[in-house]
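The values are calculated or read from the model by the stated rules, or taken from the named source; none is laboratory data. In this text the structure is predicted, and so the values were computed from the model without any measurement. Counting neighbours? That spans all protein chains shown, and the Cβs are built from the backbone with ideal geometry, glycine included.
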Amino acid sequence: MINNTSTDRHISIIAIAFLLIALAIISRLFMLQIFEHNYYSTFALSTHEIYKRLYPERGQIFFQDSRNSTEYPAAINRQYYLLYAVPKEIPDSQVSSTAETLIDILQLKTPEEKNSLSQKLNKREDPYEPIAKKITDQTIEQIKEKKLTGIYSTPQTFRYYPEEELASNILGFCRVDGNEQIGSYGIEGYWNKILAGKGGFAAGQKGAFGNWLTLSDNTKVDAENGPDIVLTIDRNLEYQACAALKEGWTEYQAKSASLVLMDPKTGAILAMCSYPDFNPNKYSEVNDIAAYNNTSVFIPYEPGSVFKAITMVAGLDLDIVKPQTTFTDPCERKIDGFTIRNAEDKCYGTITMTQVLENSVNTGVMWVEDQIGRERFNEYVKKFGFGEKTGIETNTEMPGNIASLEKKGKVFSSVASFGQGFTATPIQLAAAYSAIANEGNLPKPHLIKSIRQSDGKMEKLEIPTPTPVISPRAAKLVTGMLVSVVEKGHSTRARFEHYYIAGKTGTAQIPGPGGYTNETNHTFAGFGPVNNPKIVAIIKYETPKPLWAESTATVTFQKIMDFVIKYYGLPEER
């Protein structure tokens, strides 16, 4: 007779056993597919299934020598190494000695760095622990000589800037995200998608011995390397001009400094820099991220008296005034309840328009703006490009603000005539003065000379035709007046014995919450030699210690112009 109770018990035990086995299998599958998916999928890819993304090489950036088109590397790709450990492969007896060896070779100094390394090596079941990145060939060779078990390296490409701080505010920098380099700020940020190229991939089956299975569905799309960019920046001018600017920034204890050198005929930027700057190879070490900004295009400010040349040339273009037109200084003007005076409350009596610029007379240019009329004055401000971005090919350009010119009060256009109440950037001023130097034609500022595709084909960028904004006659007349400013007025420190230079200083009070402060921005705007202008230069210092721009920005201009004359071997004019 069969004992049903005993049989049922055995069946129940077997069923429970199978259930436990099933649960164990399901649990393990869950662990494999969810928690350990990345590790085992990578393992599978390396043995049977291959899916390798092909990363393109980032396009490189070059300076040039504007005299002969020689190229110099500004931003290139350089191979470093990622050092990593497989702790589970390191014998217990070697963990301590391995840590000591790596600490010595990697020159780890702080207790935090040393402890972090030791903790990583002691994760006994860990299949992967990154130790250090951007390791050089020499360091990797030192590590290999030690034959450390469980320590490996793999090559990685990083952006490298051989000139370090030079033109850092133009170039920007690259940060690494996985295997990709992503540009930020400057050229790197503005042109990031172009420089990055196009990624490809390969997918297919791999046999037991590591060979491709030709009958399987293999797919391959080649990566397209990013094109190289050649800048209009002249490496030698950039080095010399920025060194002079930095010297002044330090000597005058200015908060910031900006410089633009432009070819007035084409709008090509030959040099541009701002301080404080940074080393893009070590961009994460900056104390203030404001150092990333190119203040020549990013920081609008009230330009002050350098704008008086724009007001004057508008009057000349309309044939309302001539250089010898006289004006009697009222010493002060009361407009909309505001009293406006000349610098240091000076009064000049009866003077010519040329003397208005020579002595930087506020009431004189206000009188010129009166003759022009508010609407026409506003039109000229816009024609010269103020209030709009120039479109220069770099990140973080700002348009400035001329909204005050649309307000009802007469005072707004009156103070704008001598550069107050609205904001502009150094790049806008460089373009405006280039229009004067270029017989009335406003060029488009640009930083890119040419683009070289990955197949070696060179594409020279088309330069937009300069836009006429004033007559050649008006441009020549105001140029002569600006030469007189350098020869006789407030800009004599920009004078050269054998060359004529046109220029104007600007010492502008900085507005604050309760009105204008006692702090000032200093600017010099000038070009030369006058008979065939080679450069337009804008130099700006923020809150320097000396009182007037004649003692700061003008001095820096003279140093830079002296180098330009010698660099290009310019013929004497007088």
Exercise. When the residues of segment 334-353 are filtered to those that are at positive phi and part of a loop (DSSP other than H, G, I, E, B), which remaining residue is modelled with the lowest pLDDT?
Worked result: 337
For this session: Would you check if there is a residue in segment 557-571 being crowded, with 21+ Cβ neighbours inside 10 Å, in contact with a Pro (Cβ under 7 Å, 6 or more places away or on another chain) and at pLDDT 95 or above?
Result: no
Problem set entry | Close pairs from segment 273-298: first over 25 Å from residue 388 (Cα atoms) and in contact (Cβ under 8 Å) with a residue 40 or more places away in the chain, partner of a type outside the set (Gly, Ala, Ser) and surrounded by fewer than 22 Cβ atoms within 10 Å (Cβ to Cβ), Cβ under 7 Å, at least 6 apart | 277/165; 278/165; 278/286; 279/164; 279/165; 281/160; 281/164
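Residue-wise test of (1) part of a helix (DSSP H, G or I); (2) within 26 Å of residue 69 (Cβ to Cβ); (3) of a type in the set (Phe, Trp, Tyr).
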{"site": "431", "(1), (2), (3)": "yes, yes, no"}
{"site": "436", "(1), (2), (3)": "yes, no, no"}
{"site": "444", "(1), (2), (3)": "no, yes, no"}
{"site": "449", "(1), (2), (3)": "no, yes, no"}
{"site": "455", "(1), (2), (3)": "no, yes, no"}
Problem set entry | Checklist (1) in contact (Cβ under 8 Å) with a residue 60 or more places away in the chain; (2) more than 15 Å from residue 252 (Cβ to Cβ); (3) part of a loop (DSSP other than H, G, I, E, B) applied to residue 545, failing item | (2)
Exercise. Listed residues 572, 519, 497; which is in a loop (DSSP other than H, G, I, E, B), charged (D, E, K, R) and out of contact with any Phe, Trp or Tyr (no Cβ under 9 Å at 6 or more places or on another chain)?
Worked result: 497
Seminar exercise, completed: Heads up, the strands (runs of 3 or more DSSP E) in segment 205-286 (entirely inside) with at least 2 residues that are modelled with pLDDT under 95 and surrounded by fewer than 24 Cβ atoms within 10 Å (Cβ to Cβ) are 219-221
Exercise. Could you say which residue among 76, 90, 103, 61 is touching a Gly at 6+ places or on another chain (Cβ under 7 Å) and of a type in the set (Val, Ile, Thr)?
Worked result: 90
Problem set entry | Scan of segment 399-413 for residues that are among the small types (Gly, Ala, Ser) and more than 30 Å from the chain's Cα centre (by Cα), ordered by number | 409, 413
For this session: Could you please find all residues in segment 446-458 being touching a residue at least 24 places away in the same chain (Cβ under 8 Å) and either farther than 30 Å from residue 382 by Cα or touching a His at 6+ places or on another chain (Cβ under 7 Å) (or both)?
Result: 451, 452, 453, 454
Exercise. Regarding residue 419, is this residue assigned to a loop (DSSP other than H, G, I, E, B), modelled with pLDDT of 95 or more and closer than 24 Å to residue 352 by Cβ?
Worked result: yes
Exercise. In this structure, does residue 289 turn out to be at pLDDT below 95 and either closer than 28 Å to residue 539 by Cβ or of a type outside the set (Lys, Arg) (or both)?
Worked result: yes
Exercise. What residue, among those in segment 404-416 that are among the basic types (Lys, Arg) and assigned to a loop (DSSP other than H, G, I, E, B), is surrounded by the fewest Cβ atoms within 10 Å (Cβ to Cβ)?
Worked result: 408
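Can you pull out every residue in segment 321-333 that is part of a loop (DSSP other than H, G, I, E, B) and either within 18 Å of residue 415 (Cβ to Cβ) or under 42 Å from the mean Cα position of the chain (by Cα) (or both)?
Pass one, segment 321-333, residues part of a loop (DSSP other than H, G, I, E, B): 321-325, 329-331.
If the condition is that a residue be part of a loop (DSSP other than H, G, I, E, B) and either within 18 Å of residue 415 (Cβ to Cβ) or under 42 Å from the mean Cα position of the chain (by Cα) (or both), then 321, 322, 323, 329, 330, 331 are the ones that fit.
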For this session: Determine if segment 24-46 includes at least one residue that is of a type outside the set (S, T, N, Q), modelled with pLDDT of 75 or more and either assigned to a helix (DSSP H, G or I) or over 30 Å from residue 239 (Cβ atoms) (or both).
Result: no
For this session: Mind listing whichever residues of segment 289-320 are assigned to a loop (DSSP other than H, G, I, E, B) and more than 15 Å from the chain's Cα centre (by Cα)?
Result: 300, 302, 303, 318, 319, 320
Exercise. In this structure, does residue 400 turn out to be assigned by TED's automatic domain parsing to the domain that holds residue 467, closer than 27 Å to residue 463 by Cα and surrounded by fewer than 20 Cβ atoms within 10 Å (Cβ to Cβ)?
Worked result: no
Seminar exercise, completed: Picking from 382, 346, the residue that is surrounded by fewer than 22 Cβ atoms within 10 Å (Cβ to Cβ) and more than 36 Å from the chain's Cα centre (by Cα) would be 346
Exercise. Among the residues of segment 464-494, how many are under 29 Å from residue 447 (Cβ atoms) and either free of Cβ contacts under 8 Å to residues at least 12 places away in the same chain or in a loop (DSSP other than H, G, I, E, B) (or both)?
Worked result: 6
Exercise. Right, residue 492: β-branched (Val, Ile, Thr), surrounded by fewer than 22 Cβ atoms within 10 Å (Cβ to Cβ) and within 30 Å of residue 562 (Cα to Cα) or not?
Worked result: yes
For this session: Can you give me the number of residues within segment 500-516 that are in a strand (DSSP E or B) and over 23 Å from residue 443 (Cβ atoms)?
Result: 9
Exercise. Do we find that residue 526 is touching a His at 6+ places or on another chain (Cβ under 9 Å) and surrounded by 14 or more Cβ atoms within 10 Å (Cβ to Cβ) in this structure?
Worked result: no
For this session: Using the structure shown, decide if residue 356 is aliphatic (A, V, I, L, M), crowded, with 19+ Cβ neighbours inside 10 Å and in a loop (DSSP other than H, G, I, E, B).
Result: no
